[in-house]
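The values are calculated or read from the model by the stated rules, or taken from the named source; none is laboratory data. Note that the structure is predicted; figures quoted are calculated from it, not measured. Backbone-built Cβ (ideal geometry, glycine too); neighbour counts: all protein chains shown.
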Amino acid sequence: MDAKGLLLLRNAALVDANARERRTGIDVLIEDDTIREVSDRPIRSVGASIIDLGGRTLMPGLIDAHVHVIGVTTDLAALARIPPYLVAAQAKGILESMLARGFTTARDAGGAEWSIAEAVRRGYFRGPRLHVAGLALAQTGGQGDVRTRVEDSFGCPCCNAMRSLCRVVDGVDEVRKAVRDELRKGADQIKVMASGGMVSRVPIHQAHYAVSELEAMVEEATAAGTYVMAHAYESYAIRRCVEAGVHSIEHGNLIDDATAKLMAERGTYMVPTMTVYEGYHRHGADLGFAPNVTARFAELGKMAVTGLDRVHSAGVKIGHGSDLEGILHPYQSREFALKAQVMSPWEVIVAATATNAEMMGLKGKIGIVAPGALADLIVVDGDPLANLDLLAGQGEHLSLIMQAGTIVKNTL
């Protein structure tokens, strides 16, 4: 249903970043794609269509700041060899499922490029609006370099072969060129693989890139009016990124107190991704991991809670992301409950709405229910401040989903 003219949402219980409590008796007036008025008194608008929410919870559309919409498999080496049209066909279903869970915006952290975001904008794919990083930057032999030991060529990043989520680039001059190239191709932000990974032949603690290379990435991105997001887990790799001016740290689960304090001082955002550990632990055998590796995922999940507590206590700005691929995509909304081991339900919701919007340079535009914001809204059957599981699953507890004033789900 396309919202044309005026739409009045009546009798809502509002939950957003503006107040820690659930506010009842709220009316919201929408004109086309924009919220025009929010009031705790009845709004009178001649000619407006009316939907009575019956006291249900109204929230901003959710934002996932770390997705891989072309992550159709957890095997990134195999992904590099799947024909791109087949990847796009599978990505269509991944996007639809994200929107059904209430995510109206997502930041892709490597792999998706301008054309997929444009397919969503034009309505060919139904899904969250995308802010894409294009191909993430990976150093030779580092996280994201999916070549086998006997392969020399990584392939052209513009052609079909060896695309996956990353491109391999080394040296300050080549890094500058790669950043400019990804921006030329339509990237909204730049992603760098700044350390090893949890499912990688490269140890998770190994830092990637020289500081001068990281600084070059940041300088080029800043000059273009955008920023760098960095994959990093442990403190040494994180600290180098923060000191180089990186805008957001992705994962960061193994951080120490001193580095968390530095992040808070520099205003660097953290996007913990916790559900991915649980997913790999549950499906480790299905994915071919040895029992000791599967057990390690459970340990990492526990360590991630400790890391979240450290950044939370230090006052770091905490965003919300999931980082799932392949069979793990359905666990996207599990992230809410995992964060709630440290954060209050309200803080968890703000992380997935207003904080993510601010981090993406969209403060006041999305992630909030306020005049002038886009009408990205979800209606929850119940109180998520009392029960975050209402945001879990596949959207079963969402009776209405609206994206830029267009209703994509309505079971009221």
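What the table below lists for this structure:
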quantity: Checking residue 327 against (1) in the same structural domain as residue 86 (by TED's automatic domain parsing); (2) touching a strand residue (DSSP E or B) at 6+ places or on another chain (Cβ under 9 Å); (3) more than 17 Å from residue 63 (Cβ to Cβ); (4) among the aliphatic types (A, V, I, L, M), the condition it does not meet; calculated: (2)
quantity: Candidate set: segment 288-325, residues that are acidic (Asp, Glu) and free of Cβ contacts under 8 Å to residues at least 40 places away in the same chain; chosen: the one nearest to residue 252 (Cα to Cα); calculated: 309
quantity: Some residue of segment 8-26 being among the hydrophobic types (A, V, I, L, M, F, W, C) and not in a strand (DSSP E or B); calculated: yes
quantity: Residues (more than 15 Å from residue 407 (Cα to Cα), touching a residue at least 60 places away in the same chain (Cβ under 8 Å) and surrounded by 13 or more Cβ atoms within 10 Å (Cβ to Cβ)) located in segment 21-35; calculated: 22
quantity: Any hit, segment 308-327, residues being crowded, with 19+ Cβ neighbours inside 10 Å, of a type outside the set (Val, Ile, Thr) and within 23 Å of residue 39 (Cα to Cα); calculated: no
quantity: Conditions (1) in a helix (DSSP H, G or I); (2) out of contact with any His (no Cβ under 6 Å at 6 or more places or on another chain); (3) closer than 25 Å to residue 17 by Cα: number failed by residue 302; calculated: (3)
quantity: Flag for residue 386 being in contact with a strand residue (DSSP E or B) (Cβ under 6 Å, 6 or more places away or on another chain) and either of a type outside the set (D, E, K, R) or closer than 20 Å to residue 269 by Cβ (or both); calculated: no
quantity: Filter result (assigned to a helix (DSSP H, G or I) and surrounded by 22 or more Cβ atoms within 10 Å (Cβ to Cβ)) within segment 98-116; calculated: 98, 99, 116
quantity: Residues of segment 252-298 classified as among the acidic types (Asp, Glu), more than 21 Å from the chain's Cα centre (by Cα) and under 20 Å from residue 322 (Cβ atoms), total; calculated: 1
quantity: Close pairs (8 angstrom Cβ cut-off, 6 or more residues apart or separate chains): more than 25 Å from residue 50 (Cβ to Cβ) in segment 388-406, hydroxyl-bearing (Ser, Thr, Tyr) and surrounded by 20 or more Cβ atoms within 10 Å (Cβ to Cβ) anywhere; calculated: 391/333; 392/333; 393/333; 394/333
quantity: Some residue of segment 377-388 being in a helix (DSSP H, G or I) and not assigned by TED's automatic domain parsing to the domain that holds residue 247; calculated: yes
quantity: Which listed residue, of 199, 218, 175, 211, is under 21 Å from residue 73 (Cα atoms) and assigned by TED's automatic domain parsing to the domain that holds residue 245; calculated: 199
quantity: Qualifying residue in segment 347-358 (condition: part of a loop (DSSP other than H, G, I, E, B) and closer than 27 Å to residue 110 by Cα); calculated: no
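The rows are residues; the columns are (1) at pLDDT below 95; (2) touching a Gly at 6+ places or on another chain (Cβ under 8 Å); (3) hydroxyl-bearing (Ser, Thr, Tyr).
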| position | (1), (2), (3) |
| --- | --- |
| 47 | yes, yes, no |
| 53 | no, no, no |
| 63 | no, yes, no |
| 78 | yes, no, no |
| 93 | no, no, no |
| 102 | no, yes, no |
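One line per residue, one yes/no per condition, for (1) out of contact with any Pro (no Cβ under 7 Å at 6 or more places or on another chain); (2) over 30 Å from residue 361 (Cα atoms); (3) modelled with pLDDT of 95 or more:
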position: 144; (1), (2), (3): yes, no, no
position: 151; (1), (2), (3): yes, yes, no
position: 161; (1), (2), (3): yes, yes, no
position: 190; (1), (2), (3): yes, no, yes
